[in-house]
Amino acid sequence: MTPIRQLLLKALREDLDTAEQGELDHWLGLNPENRALFEELNDPIRLETELAKINGLHKDEVWEMLVAHSGFEDKSTDEEKPIIRLPHMRRYRWTIAAVMVCLLGTGIWWFTRPKAEIKGTENAIIAQDVPAPVHSRATITLANGQRLYVDSAGAGQLAAQGGTRLIKEKGGQLHYKIDLTAPRELLFNTLTNPRGSQVIHLTLSDGSKVWLNTGSSIRYPVAFNGTDRTVEITGEAYFEVAPDAAQPFNVAVKGRERIAVLGTSFNINAYEDESDIHTTLLSGAIKVSPENKPQRGRILKPGEQAVLPVHGDTTGGIMKIVTNVNVEDVLAWKNGVFAFTHADLQTVLRQLARWYDLTIVYEGPVTHKAFNGQLPQTLSLNQVLQILTNHQIHYSIEPGRRLVIRS
């Protein structure tokens, strides 16, 4: 097996072969810390911060260590060696990232980071402040059980199955395209977008578009061959459904709710840690029904929201309809924004936990303070908490992405 330091170096140079890409994908999927480290190596701001700490070291000594651990031949002249100095950073982004990989191996990076940021091995480093996710960690499980890591896959065709081709566009979007020359089979894929991941965009084979929030999944046929088009979701998703009256579109929500659709756009929030399922219609028409009680179904109008309580059984509670919903708040996640309107602390922290992949621990009573406002999701966890709480809530960010609230 190739040493992980070599894999990281080759990944930064975009020089991985198929086998090495598979090894890297496996390592990235082992734990969130590996993925976080890889993201740091692609983040120029983070690199600049780390190099500022290292810059006080004697460059010649550092250079000798880099050459000894990098596995690459040193062909540089004396004039070229000072590229590790900060003024050259933006001209040598790959070299700077490679420096960080090699310093990780020599131990220099460890010694220049705060001790609380280090977790025992070169493959698992956690910062006290948690950065916003900058990459997708989404995976697709194909019908044959093969798992594809979306972010590390190059643009182009990722798979051919069931009479369709799975394409990754240059912008990272996923698109199923019908292959008119191949026989169609009823095969299912599952797109999973874990916590701490960017929103992922998927176009199904019928042209319907889906945006999948962090901590969510969708199971769907690669080609819709039956009398209807049915998909299953967990978590949160926004749909823009391609109209086809002859083949109705249905969404099954974690065994609790079913949504019948005719060409429309709507949002479903059905996270396991939320007490209600919220289904909000933006345009068109949908019928929302409890899974085991279709006679209680209600047809929504644009701007309305169906709220179905979930009480731990398979029937749920009585569904209610909310009118004049703030659609901007509902779709804030899709637009890269946190939006809170009279939200309690636990509601806020559930959203943050999914976005930053946190474990929340409460020490003492929970405040009843309400939170309002909008914040970009590009902020770090500490920045979000400082703005939201205005220093009125005591908290600490501990190793292992553990957020302790002492309000």
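Throughout, read-outs are computed from the coordinates displayed, never taken from laboratory work. All of these numbers come straight from a predicted model, not from anything done at the bench. Note that we place each Cβ from the backbone using ideal geometry, even for glycine, and neighbour counts take in every protein chain shown.
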Query raised in the report: So if R0 is 60 Å, what FRET efficiency would T227 and V134 give, r being the distance between their Cβ atoms, rounded to the nearest 0.05?
Result: 0.90
Requested in this report: Using only the alpha carbons, work out the radius of gyration and Dmax of segment 336-405 in angstrom.
Outcome: 11.2, 32
Requested in this report: Taking amide H positions as placed in the peptide plane 1.01 Å from N, state which residues far from A138 in sequence (5 or more) or on other chains have amide H under 5 Å from it.
Outcome: V150, D151
Query raised in the report: Could you state the number of Å between the C-alpha centres of segment 329-376 and segment 190-267?
Result: 25
Report task. May I ask you to compute the full-extension gain from Q157 to K320, defined as 0.36 nm times their residue separation minus their alpha-carbon distance, rounded to one decimal in nm? Result -> 54.3 nm
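Multiply the residue gap between E185 and D329 by 0.36 nm, knock off their C-alpha separation, and tell me the result in nm, one decimal place.
Separation in residues times 0.36 nm, less the Cα-Cα distance, equals 47.9 nm.
On full extension of the chain, what length is gained from L30 through D273, given 0.36 nm per residue of separation minus the C-alpha to C-alpha distance? Provide the component values of the computation, followed by the final result.
On the way: separation 243, 0.36 × 243 = 87.48 nm, distance 2.42 nm.
Length gained between L30 and D273: 85.1 nm.
Compute the normalised compactness of segment 139-330: alpha-carbon radius of gyration over 2.2 N^0.38 Å, N being the residue count.
1.02
Going highest first, how would you order 275-282, 293-300 by mean Cβ packing within 10 Å? Numbers along the way, then the final one.
Working: 275-282: 20.1, 293-300: 14.0.
Descending mean neighbour count gives 275-282, 293-300.
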